[in-house]
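Since every read-out is calculated from the coordinates, none of them should be taken as a lab result. As the structure is a computational prediction, the values presented were derived from the model and not from experiment. Counting neighbours? That spans all protein chains shown, and the Cβs are built from the backbone with ideal geometry, glycine included.
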């Protein structure tokens, strides 16, 4: 299970007209366009990785509403953990977290876009729908450090 499944899309979402947003990683090696209704709210998940990365998610109505303009999805680096059902995609050059792909969503709803990578979107003004992904089973357990504790020399 990923935060994409925990989140429920608003039913009025399907009634609103789509507009095209352009997004990119920081170095612009990866550029994309996505069709979405006007973005007024985003999903903010508190699972371990979404919290650490500061993700704000929007979910296109259909995977076909996402189009790569420059680069390719294959050029993005991937990271997955725990159940490996959600693949985090980021630029290998600048490390910008661009998108997520989940294996456990309906086939046409597998992509999530990190709103921070969209151009001309004021993320501070958006409503945040909080998703309690930290409690989604199976819960993630941080691997235990088995090496020596770091030491510091204080002068």
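What percent do you get for the relative contact order of the chain when only Cα pairs under 8 Å and 6+ apart count? Contact order relative to length: 29 percent. Note on the chain: with a GNM built from Cα contacts shorter than 10 Å, the maximum mean-square fluctuation among 82, 24, 114 falls on 82.
With only alpha-carbon pairs counted, each pair once and no self-pairs, how large is the Kirkwood hydrodynamic radius of the chain in angstroms?
Numbers: mean 1/r = 0.0601 Å⁻¹.
When all Cα pairs of the chain are included, the Kirkwood radius is 16.6 Å.
Taking label positions 7 Å along the Cα-Cβ direction at both residue 152 and residue 129, the computed distance is 4.2 nm, reported to one decimal. Between residue 41 and residue 68, the distance separating the two model label sites (each 7 Å from Cα on the Cα→Cβ line) works out to 3.2 nm.
For residue 139 and residue 52, what is the calculated FRET efficiency with R₀ set at 25 Å and r taken between the beta-carbons, to the nearest 0.05? Please report the intermediate quantities before stating the final value.
On the way: r = 16 Å, r/R0 = 0.63.
Efficiency for this residue pair is about 0.95.
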